[in-house]
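The values are calculated or read from the model by the stated rules, or taken from the named source; none is laboratory data. What you see is a predicted model; the values in this text were computed from it and never measured. Here the Cβ is made from the backbone with ideal geometry for all residues, glycine too, and neighbour counts use every protein chain on show. Just the protein is used for accessible areas: all its heavy atoms, side chains included, with ligands, DNA and RNA removed. Shrake-Rupley method; radii C 1.70, N 1.55, O 1.52, S 1.80 Å.
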Amino acid sequence: MKVHKKPQFDAIVVGSGMSGGWAMMELCRLGLKTLVIERGRMVHHPQDYITEHKHAWELPHRGRVPPKTVRDHYPVQSKTYAFSEATRHFFMRDSEHPYSQEEPYTWIQANVLGGRSLMWARQSYRFSPMDFLANLEDGHGVDWPIRYEDIAPWYDYVERTIGVSGQVEGLPQLPDGVFQKPMDMNVIERMAKSRIEAHFPERTVTIGRTATLTEPLGNRAACHYCGPCERGCYTSSYYSTVSVALPIARETGNLTLLTDSMVCQVNYDKTTGRATGVDTIDMINGQRKTYDAKIIFLCASSMNTARIMLLSRSRSFPDGIGNSSGTLGHYLMDHHYHAGARALFEDHLDRYYQGNRPNGIYIPRFRNLNPETVHPDFLRGYGFQGAASRESWSRGHGISGFGKEFKHSLRTPGRWRFGLGAFGETLPRYNNHCTLDDSQLDPWGLPVLRFHVTRDDNDRAMRRDMMETAAEMLEVSGGIEVETYDNQDSAPGLGNHEMGAARMGRDPETSVLNAYNQCHDVRNLFVTDGACMTSSACQNPSLTYMALTARACDYAVRQLREGLL
């Protein structure tokens with residue numbers, strides 16, 4: 001009789017997005033036979049970028065998703081800037097992946113190999129020394145178990161691998177990195193930079209730091225400004241799992257890839273005190289399977305990782321694996337944004353720009369850096385992202401006119417517009433949490449997540465200042481018709497930077513993970529996605545996720561080889 005043996009793996013990585021891609025690549029490079037399990041469907045680079053260079057008029061609905069389709073299947077996903085007819089196939093159907101909300105929460109989810117690394121905005125900023133000290137100094141949240149010096153070499157390593165273009169500025173609140181040459185600002189942005197920095201010496205206007213190549217790197221070409229990037233990138237000019245990490249992992253011969261499979265539980269052996277593997281559900285036929293490995297990396301995105309851990313209930317962990325502290329699912333954070341200002345400029349109407357630059361300008365945090373910049377109404381701070389551009393033919397949607405002359409008039413670019421939108425730090429709070437809702441099940445019979453996440457007075461005070469400072473900078477830049485905005489209807493989560501839920505910390509009684517993203521309670525279980533974050537800072541966090549993942553992989557492999565896992 002033929003005996004079928006279960007495949008043996010050294011490591012299992014759950015998820016293939018920003019963190020999972022790096023775990024996949026690093027563990028394979030370090031010699032481990034690695035199984036990567038992805039809930040979404042397979043995506044092949046580059047042939048599955050089916051809308052990459054299509055114009056609006058080449059799409060059935062001119063780029064817009066029909067309202068009925070949005071209502072029935074994408075009421076949440078459609079709220080993010082990257083969702084359109086050209087990208088809908090990358091996103092999760094809300095109708096198939098429900099969740100419940102005690103307070104409004106916007107949960108943006110990808111449904112493909114590579115996750116949101118295919119659609120991310122690519123802004124890549126380091127956390128600063130002050131960000132790793134913030135909790136300790138103002139008493140909100142627990143102290144980070146690491147400092148900037150611990151992660152700095154890993155930032156270097158990640159930046160060299162993914163390719164980050166940017167400008168060296170020498171700012172303590174925004175450490176410089178290993179950069180390719182910066183992209184150019186346009187004429188209005190350069191004018192604004194000059195005037196803002198002259199009027200506000202404590203503020204810096206720089207070009208965004210983006211994981212988009214301005215110089216060739218290996219077999220990847222420099223960006224040629226075709227955009228929009230969220231549809232995929234044929235030339236691999238921006239970093240994603242499928243264009244960079246996956247090919248490197250495959251070349252090692254150590255990778256096994258499983259798509260259309262959802263991990264529903266981490267299995268635990270109380271005798272050894274170790275995780276033994278995971279249970280999965282085939283998303284197509286519902287079949288259940290178990291896979292075993294020596295170490296497990298959860299990189300399913302913050303909320304999905306929290307859900308997997310909460311679902312992993314046993315006699316040893318009745319409230320979810322690794323939850324002896326009771327903090328699993330708590331201290332959720334997401335940058336609050338959709339607040340700032342916009343203005344028109346009538347200068348330089350004889351000037352234009354070339355291509356579709358996949359980047360904008362960045363104004364690093366300038367509040368609460370030192371005694372001179374303390375704001376009396378809120379803690380921590382925010383940074384601005386923005387860009388200037390000429391009004392295009394699409395302005396015709398909002399003005400009256402008809403016929404040949406009207407259409408011909410739209411061939412001439414309109415006025416310059418400049419917008420500044422802030423991303424603000426959210427304080428870690430225990431009451432911002434998710435838990436399992438046993439009263440509502442998903443299509444596979446598992447409890448969905450229930451969210452309770454709100455903004456606090458610190459957020460609201462910061463948002464008022466965001467609008468005021470954005471407006472004053474646009475005014476000194478020469479903008480006219482300056483208007484502020486605060487989209488209070490944008491629920492937490494829409495920033496796409498969800499963090500917390502399984503935070504790192506020094507004390508097993510108040511945190512889930514240690515300084516190496518290793519579960520305090522289960523030594524061979526690691527979490528390196530946004531769930532691990534102890535505070536949010538105000539910078540885009542993806543670069544930090546990747547650096548923490550690379551560091552944790554190096555540690556885990558050394559521990560495994562020493563027989564400690």
For this session: Give the relative contact order (percent, whole number) for segment 470-565; include only Cα pairs under 8 Å separated by 6+ residues.
Result: 21
Seminar exercise, completed: Rounded to the nearest 5, the percent of antiparallel DSSP beta bridges in the chain equals 70
For this session: Please work out the Cα center distance from segment 386-419 to segment 359-377, rounded to the nearest Å.
Result: 35
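Scan the chain and hand back the longest stretch that contains none of the chymotrypsin sites (Phe, Trp or Tyr not before Pro) lying in DSSP loops with at most 13 other Cβ atoms within 10 Å.
82-351
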Problem set entry | HN-Hα J in Hz across segment 457-472 - Karplus 6.51, -1.76, 1.60, θ = phi - 60°, x for Gly and Pro | 4, 5, 4, 5, 5, 5, 5, 4, 5, 3, 5, 5, 6, 4, 5, 5
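In the chain, what percent of the accessible surface is made up of carbon and sulfur (1.4 Å probe, ligands and nucleic acids excluded)?
Answer for the chain is 49 percent, counting heavy atoms of protein chains only.
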Problem set entry | Simple Cβ-charge dipole of segment 222-359, Lys/Arg +1 and Asp/Glu -1, about Cα centre, in debye nearest 20 | 480
For this session: In debye, nearest 20, what is the charge dipole magnitude of the chain about its Cα centre with +1 on Lys and Arg Cβ and -1 on Asp and Glu Cβ, if you could check?
Result: 1820
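Using only alpha carbon pairs under 8 Å that are at least six residues apart, calculate the relative contact order of segment 385-489 and give it in whole percent.
Value for segment 385-489: 21 percent.
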Problem set entry | Value of [θ]222 nm, deg cm²/dmol, for the chain, DSSP H segments ≥ 4, -39500 (n - 2.57) each, nearest 500 | -6500 deg cm²/dmol
Exercise. Quick one: accessible area per residue over the chain, 1.4 Å probe, rounded to a whole number of Å²?
Worked result: 41
Seminar exercise, completed: Whole-Å distance linking the alpha carbon centroid of segment 1-80 with that of segment 172-189 is 31
Seminar exercise, completed: Expressed in angstrom and rounded, the centroid-to-centroid distance over alpha carbons for segment 195-251 and segment 293-329 is 34
For this session: Pick out, in residue order, every one of the GluC sites (Glu not before Pro) in segment 177-253 that is DSSP loop and has at most 15 other C-beta atoms within 10 Å; say none if there are none.
Result: GLU202
For this session: Could you grab the relative contact order for the chain? Cα pairs under 8 Å, six or more apart, rounded to a whole percent.
Result: 22
Problem set entry | DSSP-assigned coil residues among GluC sites (Glu not before Pro) in segment 324-394, each with at most 12 further Cβ atoms within 10 Å | GLU346
For this session: With a cut-off of at most 16 other beta carbons within 10 Å, and DSSP calling the residue loop, which GluC sites (Glu not before Pro) in segment 488-565 qualify? Please list them.
Result: GLU509, GLU562
Exercise. Using θ = phi - 60° and the Karplus curve 6.51 cos²θ - 1.76 cosθ + 1.60, what whole-Hz ³J(HN,Hα) does each residue of segment 346-355 get, with Gly and Pro shown as x?
Worked result: 9, 6, 6, 6, 8, 10, 9, 9, 10, x
For this session: Give the total of Lys-Lys pairs in the chain with Cα-Cα distances below 19 Å; include a pair only if its members are 8 or more places apart or on different chains.
Result: 11
